[in-house]
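A.B. asks: There's a structure below that I have some questions on.
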């Protein structure tokens, strides 16, 4: 029995690279989509926000010295590419996905309209939110917090390469301990970088819990959705 009815899954663009230097690793995206499919088959409504680091990384050198807003718009377009790849992979795996972009590109994806997004979720479709918030100077973490609050998600699931939030960097400190749960205030006082400041503040204000877990652990997403001790829960 799932612990949540509606979730917002935040994937980093880098997660799609697998072991590649940039771009989308086919085996990696298929495995991630299969994890999401497993959750939708439990009756959970899933929305996804994806970053663009895997594509933008390939052009990041050229963005040095570039106007920040221009670079951010390039990053937003990278998330549209990732969203299309994700939705198409979902289609191949027998799922129905809809990409909704915060930037108008009507020939390619439909614009983000909140009532339409809610309708898709209620119909059992996966909604992939592209182009971040549509504004420069905001990260896709902030987009995840914003969309999560807008659609009434019960939790924001931040999928990373690390299986939770630790007392120290587990790669550098073998004594580092994973927090099973921590409050927003504790995370701030201990300077634990769970999400960027704007995203974190929004989740705290909206009393929207965050779960940090590893998308690279097989079955981790399902365990999180079932309310098991997987990753780190950040709560009010």
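The values are calculated or read from the model by the stated rules, or taken from the named source; none is laboratory data. Everything numeric in this text was worked out from a predicted model, so none of it was measured. Heads up, the Cβs are rebuilt from the backbone with ideal geometry, glycines too, and the neighbour counts pull from every protein chain shown.
A.B. asks: With the requirement that a residue be at pLDDT 95 or above and not in a loop (DSSP other than H, G, I, E, B), what does region 37-72 give you?
C.D. replies: Within region 37-72, 37, 38, 39, 40, 45, 46, 47, 48, 49, 50 qualify.
A.B. asks: Only one of (1) touching a residue at least 60 places away in the same chain (Cβ under 8 Å); (2) surrounded by 13 or more Cβ atoms within 10 Å (Cβ to Cβ); (3) under 17 Å from the mean Cα position of the chain (by Cα) fails for residue 161. Which number is that?
C.D. replies: Failed condition: (2).
A.B. asks: Which residues, taken from region 179-205, are under 18 Å from the mean Cα position of the chain (by Cα), touching a residue at least 40 places away in the same chain (Cβ under 8 Å) and in a loop (DSSP other than H, G, I, E, B)?
C.D. replies: 194, 195, 196 - these are the residues of region 179-205 that are under 18 Å from the mean Cα position of the chain (by Cα), touching a residue at least 40 places away in the same chain (Cβ under 8 Å) and in a loop (DSSP other than H, G, I, E, B).
A.B. asks: Identify, from the list 153, 176, 149, the residue that is touching a residue at least 40 places away in the same chain (Cβ under 8 Å) and in a loop (DSSP other than H, G, I, E, B).
C.D. replies: Just one listed residue meets the conditions, 153.
A.B. asks: While we're on this one: When you check residue 207 against the structure, is it out of contact with any helix residue (DSSP H, G or I) (no Cβ under 8 Å at 6 or more places or on another chain), at pLDDT 95 or above and surrounded by fewer than 13 Cβ atoms within 10 Å (Cβ to Cβ), yes or no?
C.D. replies: Against the criterion (out of contact with any helix residue (DSSP H, G or I) (no Cβ under 8 Å at 6 or more places or on another chain), at pLDDT 95 or above and surrounded by fewer than 13 Cβ atoms within 10 Å (Cβ to Cβ)), residue 207 qualifies.
A.B. asks: Follow-up question, since we're still on this one. Looking at 220, 181, which is the one that is more than 24 Å from residue 75 (Cβ to Cβ), out of contact with any helix residue (DSSP H, G or I) (no Cβ under 9 Å at 6 or more places or on another chain), surrounded by 13 or more Cβ atoms within 10 Å (Cβ to Cβ) and at pLDDT 95 or above?
C.D. replies: Step by step, each of 220, 181 is checked, and only 181 is more than 24 Å from residue 75 (Cβ to Cβ), out of contact with any helix residue (DSSP H, G or I) (no Cβ under 9 Å at 6 or more places or on another chain), surrounded by 13 or more Cβ atoms within 10 Å (Cβ to Cβ) and at pLDDT 95 or above.
A.B. asks: Continuing with the same structure: The conditions are (1) more than 21 Å from residue 133 (Cβ to Cβ); (2) within 14 Å of the chain's Cα centre (by Cα); (3) in a loop (DSSP other than H, G, I, E, B), and residue 213 fails exactly one of them. Which is it?
C.D. replies: With (1) more than 21 Å from residue 133 (Cβ to Cβ); (2) within 14 Å of the chain's Cα centre (by Cα); (3) in a loop (DSSP other than H, G, I, E, B) applied to residue 213, the lone miss is (3).
A.B. asks: Something else: What number of residues within region 87-128 satisfy the criterion of being outside any loop (DSSP other than H, G, I, E, B), in contact (Cβ under 8 Å) with a residue 60 or more places away in the chain and surrounded by 19 or more Cβ atoms within 10 Å (Cβ to Cβ)?
C.D. replies: Number satisfying all stated conditions: 6.
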